[in-house]
Amino acid sequence: MAGDSELLMDIYQKLFDTYGSQHWWPGDSPFEVMVGAILTQNTNWQNVEKALRNIKDADLLEPMALFKNRVKIPELIKPSGFYRLKTERLIAFLKYYIEKYQGEIENLKHKKTEDLRGELLAISGIGPETADSILLYALNRPVFVVDTYTRRVLSRHKMIGNNANYDEIQKFFHDNLPDNTQLYNEYHALIVRLGKHRCKKNEPDCHSCPLYSIFN
DNA sequence: TGCCAGGCCGGGT
DNA sequence: ACCCGGCATGGC
């Protein structure tokens with residue numbers, strides 16, 4: 001539908017006007033973003049910050065150092081929840097990153113985004129949102145990150161069907177927005193910000209919801 | 001005080 | 001092809 005592009009940009013504008021720039025991803029380095037992307041799976045960011053703090057305080061926020069000290073990971077990341085599970089996922093990612101790229105971000109800059117995405121998805125514990133978060137926020141690739149809020153908002157406002165899967169929703173954004181890393185960055189962050197709105201389901205008839213004026 | 005966070009996997013139907 | 005339980009901590 002031709003109007004989808006305008007609608008998506010209207011929504012973006014409204015969210016930006018309401019909330020302003022979100023300055024994502026909070027983190028001092030690409031590697032911190034990668035680790036954070038795994039730790040934040042179904043987890044409040046506040047808890048992830050504590051885990052990242054622990055890793056920093058132990059001076060282990062770099063691929064090789066963290067891998068060599070992997071026995072310490074469970075204790076370090078405990079505040080982020082699911083810590084046994086996430087320890088395995090983190091180690092699986094570290095092995096991939098070190099064995100294939102020596103833990104150097106320079107070594108994957110020449111890789112095509114699609115190929116990189118496939119490699120990330122092949123790692124057990126890294127699904128589409130985690131992979132895309134790494135691609136967008138650590139590697140600055142123009143990849144739209146879809147999360148539960150995104151699905152909820154689009155679904156509630158009838159822009160997608162209730163049964164749309166991740167790739168379909170992502171394609172909807174890619175097809176209707178300019179191929180722009182910064183736009184994707186801010187847009188996803190704003191949707192997450194919207195998700196923290198007290199109207200958790202983004203009900204179309206919630207008058208205090210920032211999107212109310214667009215759809216009503 | 002329960003509910004729920006910036007998911008993903010594996011097993012059962 | 002879906003559906004569901006499990007995974008765990010800390011904040012409001």
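Coordinate-derived values only; no laboratory data. Computed from a predicted model, the values in this text were never measured in an experiment. Ideal geometry is used to build each Cβ from the backbone, glycine not excepted, and the neighbour counts take in all protein chains shown.
Here are the numbers:
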| read-out | value |
| --- | --- |
| Chain A - charge dipole about Cα centre, Lys and Arg +1 at Cβ, Asp and Glu -1, debye rounded to 20 | 800 debye |
| Nearest-ten-degree value, helix A:3-19 long axis tilted from longest Cα axis of chain A | 70 degrees |
| Calculated [θ] (222 nm, deg cm²/dmol) that DSSP helices of n ≥ 4 give over chain A, each run adding -39,500 (n - 2.57) | -17000 deg cm²/dmol |
| Net length gained if the chain between A:T18 and A:K50 were fully extended (0.36 nm per residue, minus Cα distance) | 8.7 nm |
| C-alpha long axis of helix A:166-176 to longest principal axis of chain A, angle in ° | 60 degrees |
